[in-house]
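Undergrad: Submitted below is the structure of interest, expressed as structure tokens.
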Amino acid sequence: MKSKIITYNKVSLKISEINILENLSFSINSGEFAYLIGKTGSGKSSIIRSMYYDVQIQSGECTVDGIKINNIKKREIPFLRRKIGIIFQDFKLLSDRSIFKNLEFVLKATDWTNKTKIINRIDEVLEQVKMTDFKNRFPHQLSGGEQQRISIARAILNNPKLILADEPTGNLDPGTSNEIMELLLDINNSGSTILMATHDYNMISKFPHRTLRIENGKLFELSKKT
């Protein structure tokens, strides 16, 4: 039996003292690829953000990669976030520095100190996302798809067991979206768990996997890959 990397049991979330989702119960297995779908504003991003404690857990039990988030102490939050790779719709790259410096910043922030190891690791992830020739460019010199590849490289720098992808193809054209999906599936096949929030139903049809749906504040399973 596969272990659970994410478990939510009767979880309620709140933003600015307002409960936005209630009684959420689901789990994700280690090594799984799963979609979280729903209309814009349904709460997909809030669920994703709650997994790295950017949205507060109001009640219930929530465990992510062995950490009980509902009881997490403030000093433990940075440790939790280091264990997770996060991919954003709008990339969130630092515009004032090169791609290499963007990735170096993350490694140094997570206690990498050996310069040779830093350079080697950056080269490894850039090769994995097919962006080796772009490390000296700045974000504004890249297309949306190229920026998202760098965002994915950033997410896998520390070999996380869990990757959370929040609408990673939302700003991309269909062809580029397919390329990003194929890259994410390659990463999943190498062992990382991926939970991807999306409202792109064509993408789900083309790349079918287990799908969780949020609707009217409730979450239920829509389908499973067969």
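The values are calculated or read from the model by the stated rules, or taken from the named source; none is laboratory data. For clarity, every value in this text was computed on a predicted model and none was experimentally measured. As a convention, Cβ positions derive from the backbone with ideal geometry for all residues, glycine included, and neighbour counts pool all protein chains shown.
Undergrad: Considering only residues that are of a type in the set (A, V, I, L, M, F, W, C), within 18 Å of the chain's Cα centre (by Cα) and in a strand (DSSP E or B), which ones fall in region 179-226?
TA: Here is the first cut: in region 179-226, the residues of a type in the set (A, V, I, L, M, F, W, C) are 180-181, 183-185, 187, 194-197, 203-204, 207, 212, 214, 219-220, 222.
Next cut, within 18 Å of the chain's Cα centre (by Cα) only: 180-181, 183-185, 187, 194-197, 203-204, 207, 212, 214.
Selection gives I194, L195, M196, A197, L212, I214.
Undergrad: Also, quick follow-up: So which of E76, E127, E104 is of a type in the set (D, E), part of a helix (DSSP H, G or I) and either under 30 Å from T7 (Cβ atoms) or touching a residue at least 60 places away in the same chain (Cβ under 8 Å) (or both)? It would help to see each step written out before you state the result.
TA: Values: E127 fails: either under 30 Å from T7 (Cβ atoms) or touching a residue at least 60 places away in the same chain (Cβ under 8 Å) (or both); E104 fails: either under 30 Å from T7 (Cβ atoms) or touching a residue at least 60 places away in the same chain (Cβ under 8 Å) (or both).
Being of a type in the set (D, E), part of a helix (DSSP H, G or I) and either under 30 Å from T7 (Cβ atoms) or touching a residue at least 60 places away in the same chain (Cβ under 8 Å) (or both) holds for just one of E76, E127, E104, which is E76.
Undergrad: I want to confirm something. Restricting to region 138-152 and keeping residues that are farther than 11 Å from F100 by Cα and more than 20 Å from the chain's Cα centre (by Cα), which single residue is surrounded by the fewest Cβ atoms within 10 Å (Cβ to Cβ)?
TA: If we filter region 138-152 for residues that are farther than 11 Å from F100 by Cα, which is where we start, we get 140-149, 151-152.
Subsequent filtering for residues that are more than 20 Å from the chain's Cα centre (by Cα) retains 140-143.
Values: H140: 8, Q141: 12, L142: 18, S143: 11.
The selected residue is H140.
Undergrad: Okay, moving on. Restricting the search to region 1-52, which residues are touching a helix residue (DSSP H, G or I) at 6+ places or on another chain (Cβ under 6 Å) and either loosely packed, with under 14 Cβ neighbours inside 10 Å or among the small types (G, A, S) (or both)?
TA: Matches in region 1-52: G38 only.
Undergrad: Run A153 past the list (1) under 26 Å from I37 (Cβ atoms); (2) in a loop (DSSP other than H, G, I, E, B) and report the number of the one that doesn't hold.
TA: (2)
Undergrad: Which one of these does N114 not meet: (1) modelled with pLDDT of 95 or more; (2) in contact with a Leu (Cβ under 9 Å, 6 or more places away or on another chain)?
TA: Failing condition for N114: (2).
Undergrad: Anything in region 24-65 that is on the phi > 0 side of the Ramachandran plot, more than 17 Å from the chain's Cα centre (by Cα) and outside any strand (DSSP E or B)? List them, or say none.
TA: G41
Undergrad: Would you pick out the residues in region 66-97 that are under 28 Å from T40 (Cβ atoms) and touching a strand residue (DSSP E or B) at 6+ places or on another chain (Cβ under 9 Å)? Let's see the steps before the verdict.
TA: Just the residues of region 66-97 that are under 28 Å from T40 (Cβ atoms), to begin with: 69-70, 77, 80-81, 84-95.
Correct list: I69, N70, L80, I84, G85, I86, I87, F88, Q89, K92.
Here is a yes/no grid of residues against (1) under 25 Å from S30 (Cβ atoms); (2) among the polar types (S, T, N, Q); (3) buried (at least 16 other Cβ atoms within 10 Å of the Cβ):
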site	(1), (2), (3)
F105	no, no, no
K115	no, no, no
E124	yes, no, no
N136	no, yes, no
R154	yes, no, yes
N159	yes, yes, no
I163	yes, no, yes
L184	yes, no, yes
N188	yes, yes, yes
